[in-house]
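Contents: one structure, followed by commentary.
The values are calculated or read from the model by the stated rules, or taken from the named source; none is laboratory data. Source: prediction; values computed, not measured. Virtual Cβ from ideal backbone geometry, glycine too; neighbours counted across all protein chains shown. The protein model used for the area step is the full one, side chains on, heavy atoms only, and it has no ligands, DNA or RNA in it. Shrake-Rupley method; radii C 1.70, N 1.55, O 1.52, S 1.80 Å.
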Amino acid sequence: MIDWRSARVAWQVLALSQLREQPLRVLATVLAIALGVALGAAVYLINAAALTQFDQATRRLIGEADIVIRGPASGFDQSVFVALARESAVSVASPVLELRLALAPANRPALPLLALDPFRAAALQPELVSALGAHITALFAHDAIVLSRAAADTLGLRRSDLLSINVGGAVKSLRVIDILPGDAYPEPLGIMDIAAAQWTLERLGRINRVDLRLRPGSDPRLVRARLNQWLPAGVFAVTPQIERGRASSASRAYRVNLDMLALVALLTGGFLVFSTQWLSVLRRRVALGLLRCLGVTRAQLRLALLAETLASGALGSALGVELGALIAMLTLRYLGADLGNRQFAAIAATLAVHPVPLLGFALIGTAAAGAGGALPAWQAARRSPALALKAGDAELDLNRLVTTAPGLALLAAGALLAWLPAIGGLPLPGYVSIAALLLGSVLLVPALTRRLIGALPRTGQVVLDTGFAQLQGSLSSSTVSLASMIVSFSLMVAMAIMVHSFRDSFELWLAKLLPADLQLRCSLGSDTCALSAAEQSRIAALAGVARAEFRRVQPIFLQADHAPVTLIARDLPAERAADTLPLLREAREPGAAALPPVWISEAVQDLYGYQPGQSLALPLAGRAQSFFIAGVWRDYVHAGGALVIRRQDYLAATGDGSANEGSLWREPHTSIAAIEAAIRAALAPNDALELISSPELRERSLLAFDQAFLITYALEAIAVLIGLVGVSVAASSTALARRAQFGMLRHLGMLRRQVLWMFASEGIALSALAVLYGLLLGALLSLILVYVINRQSFNWSIDLSVPWLQLASLSAALIIASAITALWSGRAAMSQDPIRAVREDW
């Protein structure tokens, strides 16, 4: 039976003494846990706010529909709407034309447009239509548009202003007849009457969405199955839940990876707690032994030490939750909700605090601290009071702990888990593999320390030999110091290698895809801007243009429950596709002569299961066209997947000769500026192209890459910071615990500076071992990050590339930091008189 009152008294004595004697170390422990919890909570709150905002916006657009008929942006014939309206199970059918308007000038982002029949839409989107108020009839004008408040603020427009858009290469103007209230729709949006939009946007007879409400008693599943049997190719009947869930599905892997990186910082903090508490127990061994002699039982002492750690963890977790909420609020206000995720680039989310998940983060932080302090508490409680009170007995025995066999078992388990496939689209086995490899490697540290430190040779130098002898005689504290440094450094190495590999692969990919001197495109992501065949010929014939290639890029649907894939029709010789595309695999056997080739991205291969050599039916011009999968290429832009076909095959299937992207090669001695001026003059007055040189585009893309990984760099920096704090805490705690030893060495004739350099040599030796072990372990973990987690999370591959200079700099910095902290800590420990330092041994 545990005497809880005695345990509480013991805890108060220990906690107060720890706080009084080493407040900075307690503060470091609290902050380490707080940082890990804060990062995890901030990432969660930011992404939850973005998803909530996106879901609310989608609900306003979809409204109360039971089924949504969704087609490509190019649309389908509105006769489909007539057939749907006549379906016996359909109560209300509302036609919709959903596009992204190309704005003029072209450097502005496209504006989402919702063109609908206000009278039919009133039954399905009552809140959105009611916000139009008395301006519904005015909306019927061919040039009338209503803007959301977010769109008006972004574009700087007011009621009665003109909005310039690009339609098929020509600039047209729309009148802003009204601006919706701020709470009607939170994101940029334009609303038009569907008939006016079809006329103005040159989409006569075309729609791309129909919202359906079913009659009571109709089974949505049966209706959807029946409709999908006769809908045109590339047009699907889906549930509103699929529409609303696309953003969450597309960003899920990204959010999980950020949460895991935040847990990395928390894991590093947990090891810092372990190191700090272990060394603290060593320093307070006499006080612990005295408590045992005064009647405190082992169970009570164990509980007191564990409660001390849990109190620090709870305090750090509470601070971390508050700090995380503050970080999330500031990020949403000043940086936006994307965190580098383009899915949420335009989301203006607001912070909403969810108590239950935040409580979960607080419990995780407290549990991490408790796990870090459990072993030191158990080891201290089982120690004999007589040994604890014995002068000079400053080591807790690790030899009795069986660590080698479990460590090898965990390494084997981690290696096997790395080969398992993703679960539900998430690389969960990969994360567990990293945890197993990390823990297994740490469990091997005691055996490694005994072998390496025990094999250190004599140098003949008194200072070095004394320091090495001290390391050999204090294997427990040396092992603890090594473990905390290895964890933080190996995780930093793994992330550094992964990010560098990704950036290097991305840079090589850009060089492969951007061989031309000048790139041109219509408004990014728009559906209305295009270059006609005549305009393409005019550009290709300009003086100074040596060669011109044009592309038609558009989204299409392959399956109902998947996001659209990007179809790219470009000039591409089938026999030399590898010269232009970053191909990874090609079909072993050439395709049937009757089938044109298609090259699929890795995302299409993973998400749909297609393989080179198979045939693939693509929905083009409302018909299923068969293609032969000629190969798989690497793509870092289109998360939902991309398909590349020859432009002549696209023209033959659709009759569409327009283009919305292109590449130009210049003649020698012709400047890019001169070609750009010539293009502007040739297309005037309806120029709506964005022109950019390939070097500038590569620079922008790499800058966007660095911004996307900004949060990763921040988490990596946090891990390094926690690791350096761990080095400092270990050095200072060890120095304080060895004050008597330092005093004895001074009595034996060793100079003060020799004692300091002896202690510094120990720190350098330990940090060098930690660096070597951390480099090897980090390189192993980076293989999992590069080849497993990255591949399974984002459906693209990267090539391993090691940042040798960066790793060498970080290794040197850690060793130098260890030497400096050892000198500083040793100097502080030797500040008192040598006689007072050894008085406890007399």
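The Cα atoms of region 141-238 cover 47, 34, 21 Å along the three principal axes, with the biggest extent listed first. When each of the peptides 31-42, 500-511 is scored by the mean number of other C-beta atoms lying within 10 Å of its residues, the order from highest to lowest reads 31-42, 500-511. With the highest mean first, a sort of the peptides 512-519, 232-239 on other beta-carbon atoms found within 10 angstrom per residue produces 232-239, 512-519.
Roll a 1.4 Å probe over the protein chains and send me the accessible area per residue for region 191-239 in Å².
45
For region 137-231, the carbon plus sulfur part of the accessible surface works out to 52%, probe radius 1.4 Å. Over region 89-242, Cα pairs under 8 Å with separation of 6+ residues give a relative contact order of 31 percent. In the context of the full set of protein chains, region 25-66 has a per residue accessible area of 29 Å² (1.4 Å probe).
Relative to the Cα centre, what is the charge dipole magnitude of region 68-203, using +1 at the beta carbon of each Lys and Arg, -1 at the beta carbon of each Asp and Glu, and rounding to the nearest 20 debye?
Here region 68-203 has a charge dipole of around 220 debye.
Rolling a 1.4 Å probe over the heavy atoms of the protein chains gives region 565-683 an accessible area of 43 Å² per residue.
For region 512-617, the carbon plus sulfur part of the accessible surface works out to 50%, probe radius 1.4 Å.
Three principal axis extents describe the C-alpha atoms of region 519-605; from largest down they are 43, 33, 25 Å.
For Cα pairs less than 8 Å apart in space and 6+ apart in sequence, what is the mean separation divided by the residue count of region 24-135, i.e. the relative contact order in percent?
22
With contacts taken as Cα pairs under 8 Å at a separation of at least 6 residues, region 504-607 carries a relative contact order of 20 percent.
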